[in-house]
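Quick notes on the structure that follows.
The values are calculated or read from the model by the stated rules, or taken from the named source; none is laboratory data. Nothing here was measured: the structure is a model prediction, and the numbers come from that model. Virtual Cβ from ideal backbone geometry, glycine too; neighbours counted across all protein chains shown. With ligands, DNA and RNA removed, areas are computed over all heavy atoms of the protein, side chains included. Shrake-Rupley method; radii C 1.70, N 1.55, O 1.52, S 1.80 Å.
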Amino acid sequence: MKPRAGLVALLVLASVAGCVNNTPPTLRGGAFAAFRARAPLAGDEHLVFAPSEDASFLGRVLLAPYVTTRPLADQLAPNPCADALVDVEPRPVPGDVIEDAEVLSPDAARAAGAPGASHVYYRFDVRTRVEKAATKAYAACCQSASCGVGYVRSATLGEGEITLARETAPGDPADVAFDEGPRPLELTRVERRHVRGYVAFALGGQGALPPSADAAEPERAGGATYDAESIEVRESTRNRDHFELCTKKRCITENEFIRRYANRTGSHELDDFLRDRSPQMRATGVVLGSLGLLAAAVGVVILATDNPAGPDRRVPAVGGIMLGIAVPTLAPGLALLGAPYDGWTDEHLFTKSEARRFVERYNRALRSEGAARGVSSR
């Protein structure tokens, strides 16, 4: 019996070792850009899409809301009250970096020659800022003269890149990613430009600039379907590193999210993360169950071959002991064999940062479906 028992144990351990996949999962899609920290323009500054190193536009007036993708010089006019402006000493800004992305409307993207673009991404090393300040005489002059929506009060000289980009589709490479705000933003470059010159300006004299004419409308959700099927990353109130993936009604396992992601987006970039979440529990169940069956078999054999007329009555006692061992060993073994393949809703191979990215990609696909249904129903 001992050689057989040893063989059974070896077979069980070999099968358990073969069932557990310890290889770290990998993404099957494109490049996965690291999150960057946003360093946007100041609240009153506006991006110059085609910057120039000529600062002569300083002090000129803007007659209508600024359109980012049109040359700034084409939108400016002489300032009838320029004599009432005074130069401010240039401010050096060593080490200052500006980096962010702005939404681009479809019309503006077409005007820029990149109809697939949805954002303008920019990153500049700032060299200096120049400025003209208004005097009391300027306000008085503009009451009788046309000073437009404001004059170019300051300009920022810098060097870097301005890039037309689109939101990264599932499975595609992401060149830039931000994770500050309600939703992560991932962008794939469409057209990249290296620039040097006055990359941003601010208005003065007439109050805040009205909204840009090329600003896109906020993205709308896809109605009832979106409300029911959209997913959020819900943090634990006790530990922000612990999270769950939840719809409005319930939280789902990571495996369930991966299946929904593939069905919704058509991308299989997450397929390697679809893993048995209870392999160790199931392996332990195999071992315990096998030991329980072995103990039961040994007990049955001992009792079946016992000779009641034999002088040694310890043999049936051993058989009873083996059966007694079999029951408490086999029961938990069978229970562990039923451990859920998908695991629990708070078990993850994703980091929280990765989960936020993929949830946003999933929800964006869901919003696109809703928008398409809205168009087709008109």
- Task: Measure off 7 Å from each Cα along the Cα-to-Cβ vector at Ser144 and Thr225, then give the distance between these two points in nanometres to one decimal.
- Result: 6.4
- Message: Output wanted: per-residue J couplings in Hz (rounded whole) for segment 167-172, from phi through Karplus 6.51 cos²θ - 1.76 cosθ + 1.60, θ = phi - 60°, x for Gly and Pro.
- Response: 5, 5, 7, x, x, 8
- Query: Which values of log₁₀ I(q)/I(0), to two decimal places, follow from the Debye formula for segment 104-196 at q = 0.17, 0.19, 0.22 Å⁻¹ with a uniform point scatterer at every Cα?
  - Reply: -0.88, -0.95, -1.07
- Given the protein chains as shown and a 1.4 Å probe, how many square angstrom of Glu102 are accessible, to the nearest 10? 60
- Backbone N within segment 145-170 under 13 Å of label point (7 Å from Ala55 Cα along the Cβ vector): 153-158
- Item | J(HN,Hα) series, segment 67-84, from Karplus relation 6.51 cos²θ - 1.76 cosθ + 1.60, nearest Hz, glycine and proline x | 10, 4, 7, 9, x, 4, 4, 6, 9, 9, 9, x, 8, x, 10, 4, 5, 8
- Task: With all protein chains present, calculate the accessible area of Phe49 using a 1.4 Å probe and round the result to the nearest 10 Å².
- Result: 10
- Query: Counting only protein chains, not ligands or nucleic acids, how are Thr225, Thr156 ordered by accessible area (probe 1.4 Å), most first?
  - Reply: Thr225, Thr156
- Task: Using 0.36 nm per residue of separation minus the Cα-Cα distance, give me the extension gain between Thr247 and Arg183 in nm, one decimal.
- Result: 21.5 nm
- Would you rank His119, His268 by solvent-accessible area, highest first, keeping every protein chain in place and using a 1.4 Å probe? His268, His119
- List the residues of segment 107-131 whose backbone N lies under 18 Å from a point placed 7 Å from the Cα of Arg38 along the Cα-to-Cβ direction. 118-124
- Simple spin-label estimate for Asp107/Arg70, 7 Å along Cα→Cβ, in nm, reads 1.1
- Task: Rank these residues by their accessible area, most exposed first, probe 1.4 Å: Arg240, Arg129, Arg196.
- Result: Arg240, Arg196, Arg129
- By how many nm would the segment from Thr135 to Asp272 lengthen if fully extended, with 0.36 nm per residue of separation less the alpha-carbon distance? 42.8 nm
- Task: Read phi for every residue in segment 180-185 and hand back ³J(HN,Hα) as whole Hz from Karplus 6.51 cos²θ - 1.76 cosθ + 1.60, θ = phi - 60°, with x for Gly and Pro.
- Result: 10, x, x, 9, x, 10
